[in-house]
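Single-structure report; data block below.
Taken together, the values in this text are just the output of simple stated rules run on the coordinates, not laboratory data. Small disclaimer: the values here were computed from a predicted structure and weren't measured. Backbone-built Cβ (ideal geometry, glycine too); neighbour counts: all protein chains shown.
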Amino acid sequence: MTETQKLSDKNLALIAAFSKACRGSIIEMVAKAKSGHPGGSLSNLDFFSVLYTQIISQTGEKCVVSNGHIAPAIYAVLAEMGYIDKQEVLNTLRQPNSVFEGHVNRHVTGIPVGTGPLGAGVSMAAGVAVAAQKDFLNATDEDQYLEMVFATIGDGEAQEGQVYETFLFAAQEKLNNFCVFVDYNQVQLTGSLEDTININVAEIGKACGWNVIEIDGHNHQEISDALTNASEQEEKPTLIVGKTVMGYGVEFMAKDGRDLKSSWHGKAPSLDDVKNALEQPELKLTEEEIEILEKFRTEEITWFPQKNIFIENLTPLNYIDAGTPIVYEADVLTDCRSAYGKALLDISKKNKEILTLSADLQGSVMTKFVAQELPEQHIEVGIAEQNLVSCSGGISLSGYIPFCSTFAAFMGSRAKDQARLNDINRCNVKMVATHAGLSAGPDGPTHQAIEDAGSFLGMFNTNICEPADPNHCDRIIRYVGTHYGNFYVRMGRHKLPVLTKENGDIFFDAEYKYEYGKCEILRSADNNCQEKIVIVAIGGTAIEALRAREKSDKSKHIEIIIVSSIKQFDETLVQSLKTAQKIITVEDHNSRSGLSSAIKNICVENKICPEYFETCAVDAYQLSGNDRELYAAAGIDADGILGKI
């Protein structure tokens, strides 16, 4: 359809009947649930009606509802399309054991991305658009076309800083296949937009370099024209700002919406009010409209969604080539972040599915190797950690494997909400954070992440890893890239020696194979010793534990276990702890949510009761200094560990 081709009378009649039917469904399901968000659902609905009847019904292009609380609207649309069971959603919205949750989710067929926290969904949609562009560029099929990706946001949602991050990113990436509809009803939860935080979304879009179209959000022809305009853009994403009325189409709600009252933002109508409204001409379908809708469902829809696939955590991705491990020799002194960058480059060369994202830190997090050699597989998001993680989530749900990197202090705090949404969506995002712990050194406590790993402990679908040396790091990265699931891999900034066996051979050698949660005995205690001390170390503290053992006159009593995760452990650790009289944990992290707490849990679960349990951890903010000075100040260096011994 071009701009001069107006909607036919037949299409206008279909859209009118479709939107009328959906409005009735929205208020009925919310009334039965006795909770929900009818106001915004009704003001967004005309956009959905045009989009789904005229485009998605034929192409299957994706629509991400970033303002996820308007779930009743999209559920009503999917039901009217025949994609989901209408009676089920009318009767079970927000009920236990129903997939029709209060915010949109991937358990519902036809919903590509689950959302809820405002601002995150539009970032994920941008990631889906990035993936569609990659598909187009990588395609060999001459008939392949660049798929559009649509998203909706609320006007109040645009107050979220992450929306601004997304706007800047989409313009920079020239996502001409990305179209965002703003439901500009000028009302948010607290009250009117003007009385809360007034925001001119159109001007922000223009300032960020978008193609901005302002329309009547209830005029079906204007919506259609705007969608056509969006599809014709060559370099810019499109922002459609639709002026709407909260509660539109249901008069007892719309009258408050026109007065910019937030009465129906999150309030359910009574069943009596709904019953009366459904008898009014504006909501009661005529026989002709019922016939139009039935014919549309049975004869005119050519695309039908498939159920979303949920891949089990840690499932091997056998189609990904892990490459050949890099072995760092015993005399090499390097940092894990460099080992990460080189491993990532190696597997990226072998797999176009792997994409790398960084937040203005290519040279620090070492994604620079990919950026320099494989620029088409590297994406720069700028200083925007929230968009970094959410965009990666959208990319991963489109079949690519994103590695996104920034400093640990930002990944585990600024982007935690976004990582949590990825966790709920069962994404496949590889978050690799550098400068973790006190190794950030002179930057001071704002950049010394000592609680970051704990941010991900409570997430059900996110795995945590921490390498002990460059060889260990190389194997972990290759494992992460070839196994499904969200991962958080943390590592320090400082250089580490290569760990070796007692005979001087490389510990994590060419034959070493990493498995998630694998624990290693770096040094064994003498079987005949009367007092066994087990030191459990993680990450860069493993070498400190080894140095402490070498200094101790009780070295034969000391067993050192390297753990690779604070979230999963194997039997090697349990058996070692069972024979210990003393246990010492060592970590470059806060003990309250790190290794120490995890080992205590393991002891309780396995009825292990040592005579002594000591902790070497970062239990106070440190000041500036190099890693050696700060490790000593916190008592997690060799001398600090020796004191515990």
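In the chain, the DSSP beta bridges split such that about 15 percent are antiparallel, to the nearest 5. When the chain is described by a simple charge dipole with +1 on each Lys and Arg Cβ and -1 on each Asp and Glu Cβ, the residue from Ala617, Pro467, Ala525 located farthest towards its positive end is Ala525. Here the range 155-200 and the range 554-592 have alpha carbon centers that stand 49 Å from each other.
Summarising the amide proton neighbourhood of Val64: residues at separation of 5 or more, or on other chains, whose placed amide H is nearer than 5 Å comprise Phe150, Ala151, Thr152. Note that the range 231-240 has calculated 3J(HN,Hα) couplings of 6, 9, 5, 9, 9, 10, x, 10, 10, 9 Hz, one per residue in order, obtained from phi through the Karplus relation 6.51 cos²θ - 1.76 cosθ + 1.60 (θ = phi - 60°); glycine and proline are x.
Put in line by how crowded their Cβ is, counting other Cβ atoms within 10 Å and starting with the fewest, Glu28, Glu291, Glu451 read Glu291, Glu451, Glu28. Using the Cβ of Met81 as centre and a radius below 11 Å, the other residues enclosed give a net charge of 0, where K and R count +1 and D and E count -1. 3J(HN,Hα) couplings calculated from phi for the range 424-430 with the Karplus curve 6.51 cos²θ - 1.76 cosθ + 1.60 (θ = phi - 60°) are, in sequence order, 5, 6, 6, 6, 9, 9, 9 Hz; Gly and Pro show x.
List the trypsin sites (Lys or Arg not before Pro) within the range 568-645 that DSSP assigns to loop and that have no more than 13 neighbouring Cβ atoms inside 10 Å. Of the trypsin sites (Lys or Arg not before Pro), the ones in loops of the range 568-645 whose Cβ has at most 13 other Cβ atoms within 10 Å are Lys607.
Give me the distance between the Cα centres of the range 398-420 and the range 351-387, rounded to whole Å. So the separation of the two Cα centres works out to 13 Å.
A P(r) calculated from all alpha carbon pairs of the range 19-299, with 10 Å bins opening at zero, reads 7, 31, 37, 20, 5, 0 percent.
Charge tally around Leu317: other residues with Cβ under 14 Å, Lys/Arg +1 each, Asp/Glu -1 each, net +1.
Between the alpha-carbon centres of the range 443-492 and the range 496-517 there is a gap of 19 Å.
Stretched out fully, how many nm does the piece from Gln306 to Glu629 gain, at 0.36 nm a residue minus the Cα gap? Don't jump to the answer; show the numbers that get you there.
Details: separation 323, 0.36 × 323 = 116.28 nm, distance 5.69 nm.
Taking 0.36 nm per residue and subtracting the Cα distance, the gain is 110.6 nm.
Counting other beta carbons within 10 Å of each residue's own, what order do Trp210, Trp303, Trp264 fall into, fewest first?
Trp303, Trp210, Trp264
Pairs from the list Lys206/Lys416; Lys206/Lys236; Lys6/Lys206; Lys10/Lys32 with a Cα-Cα gap above 22 Å: Lys206/Lys416; Lys6/Lys206; Lys10/Lys32. Cα-based values for the chain, radius of gyration first and Dmax second, are 27.9, 93 Å.
Of the cross-linked pairs Lys495/Lys567; Lys430/Lys600; Lys261/Lys430, those separated by over 32 Å at the C-alpha level are Lys261/Lys430.
For the range 371-475, state which chymotrypsin sites (Phe, Trp or Tyr not before Pro) are in a DSSP loop and have at most 12 other beta carbons lying within 10 Å of their beta carbon. Listed in order of number, the matching sites are Phe460.
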